[in-house]
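Down below is the structure, laid out as structure tokens.
The values are calculated or read from the model by the stated rules, or taken from the named source; none is laboratory data. Bear in mind that the values here come from a model prediction, so they are computed numbers and not experimental data. Glycine gets a Cβ as well: all are built from the backbone with ideal geometry, and neighbour counts include every protein chain shown. With ligands, DNA and RNA removed, areas are computed over all heavy atoms of the protein, side chains included. Shrake-Rupley method; radii C 1.70, N 1.55, O 1.52, S 1.80 Å.
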Amino acid sequence: MPHQLISDLQEGMAVQQFFIVRQAETRTDKSGKPYLSLVLGDKSGTMVARAWSEVVARCPGPFASGDQVGVTGLVSSYKGELQLTLQYINTVEALRDLGKDLKGYDPDLLYQATPYDRQVLWQELWQLAETRIRPPLQQLVLNLLERHREELMVCPAARLYHHPYVGGLLEHTWFVARHALASLTIYPDLNPDLVLAGAILHDLGKVKEIANPPAPELTAAGQLLGHIVLGWDLVRAAAQPLEFSDPTLLLQLEHIILSHHGAVEFGSPIVPKTREALLVNFLDDLDAKLKMMSQHLESDSREGDFTGYHRVLQRGLYKGGPAAAAEPEALPKTEK
């Protein structure tokens, strides 16, 4: 059976193919029997999967994030969301050792990545910092971009909710930075160096928070400290050898990093207390939520004018409206 993209699956479909494990957890049902709760992925998105106790008895695993697996199962619906009920699951490595036929196995189909050319995104971010941010913030931003270039090129922006794929952090950062640049034409009295530096660096801590880009998982530092504190630490450490000439300016940049989630209940230790920090907070939230909406609309296959309920956005989405405009020329798609 040829690979069916997750984005094309519909309720009632039988599945016999390969996926990458994005998350794996053993739980117990109401009767105390173990079952597997999984998030499986391919290049089009992710899907929740369940392997109940009788399947676990035949296919004990273990299974971990990053494993490539072959499965058979049936697409069902639970609380308005599609999920895959598994009848069999095993790793590609184990299937190969058993001499099983791996027809249809193509690892290139299993990894989700930004559709945009990452080299172009990177170059535009670099040019933005180089030409639109003045010293002393300019050198700080350029140093951090260069130091973490390889990580930024592959790091997801999140594990699940927005841009959760290879290069997702770079894509998200580019969009927030471009939003910031446009906003400065409307609010010219804001400090442009702070706004652009904050937009580019606000999520930098995610390069230390998230590991294993093809199947994102949190590092120990990510779980114990979180990307906000990790990003603040990266900025502060990079500024020290520069003998930063304006400590007040640096303090305001650090405030943007620490406050960019907007509220204590959302993970920021402090709320935005400058106009520049408030702007970065809203632009970050705007791009994340627009991406969540796009992802949800693309993955929803139910009939009708509205999608199923999105737990984070706390709403169903209207599917109508005009077709999306062409992507801006500054964002060429990656060659297929």
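Structure values in brief
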{"quantity": "Test: residue in the stretch 259-267 that is in a helix (DSSP H, G or I) and within 21 Å of Leu170 (Cα to Cα)", "calculated": "yes"}
{"quantity": "Residue selected from the stretch 20-74 under the condition of a type in the set (Lys, Arg) and surrounded by 14 or more Cβ atoms within 10 Å (Cβ to Cβ), by the criterion farthest from Glu217 (Cα to Cα)", "calculated": "Arg50"}
{"quantity": "Residue within the stretch 229-250 that is over 18 Å from Leu137 (Cβ atoms) and either touching a Ser or Thr at 6+ places or on another chain (Cβ under 8 Å) or assigned to a helix (DSSP H, G or I) (or both) present", "calculated": "yes"}
{"quantity": "Residues satisfying the stated conditions in the stretch 183-203, i.e. more than 16 Å from Thr131 (Cβ to Cβ) and either open to solvent by 10 Å² or more (accessible area, probe 1.4 Å) or within 12 Å of the chain's Cα centre (by Cα) (or both)", "calculated": "Ser183, Ile186, Tyr187, Pro188, Asp189, Leu190, Asn191, Asp203"}
{"quantity": "Residue within the stretch 189-200 that is touching a helix residue (DSSP H, G or I) at 6+ places or on another chain (Cβ under 6 Å) and under 25 Å from Leu40 (Cα atoms) present", "calculated": "no"}
{"quantity": "Top-ranked residue in the stretch 268-286 [being part of a loop (DSSP other than H, G, I, E, B) and among the aliphatic types (A, V, I, L, M); ranked as surrounded by the fewest Cβ atoms within 10 Å (Cβ to Cβ)]", "calculated": "Ile270"}
{"quantity": "Residue pairs meeting the criteria (Cβ under 6 Å; at least 6 apart or on separate chains; first over 14 Å from Gly61 (Cα atoms), in the stretch 79-108; second hydrophobic (A, V, I, L, M, F, W, C))", "calculated": "Leu82/Val75; Gln83/Val48; Leu84/Met47; Leu84/Ala49; Leu84/Val75; Thr85/Leu74; Tyr105/Phe18"}
{"quantity": "In the stretch 119-174, the residues that are in contact (Cβ under 8 Å) with a residue 60 or more places away in the chain, under 20 Å from Asn191 (Cβ atoms) and among the aliphatic types (A, V, I, L, M)", "calculated": "Leu125, Leu128, Ala129, Ile133, Leu137, Leu140, Val141, Leu144"}
{"quantity": "Tally of residues being of a type in the set (Ser, Thr, Tyr), assigned to a strand (DSSP E or B) and under 15 Å from Thr85 (Cα atoms) across the stretch 27-55", "calculated": "3"}
{"quantity": "Hits in the stretch 94-129 - residues which are open to solvent by less than 70 Å² (accessible area, probe 1.4 Å), charged (D, E, K, R) and within 18 Å of the chain's Cα centre (by Cα)", "calculated": "Asp117"}
{"quantity": "Qualifying positions in the stretch 296-307 - open to solvent by less than 40 Å² (accessible area, probe 1.4 Å) and either hydrophobic (A, V, I, L, M, F, W, C) or at pLDDT 85 or above (or both)", "calculated": "His296, Thr307"}
{"quantity": "Selection status of Val75, in a strand (DSSP E or B) and either polar (S, T, N, Q) or under 27 Å from the mean Cα position of the chain (by Cα) (or both)", "calculated": "yes"}
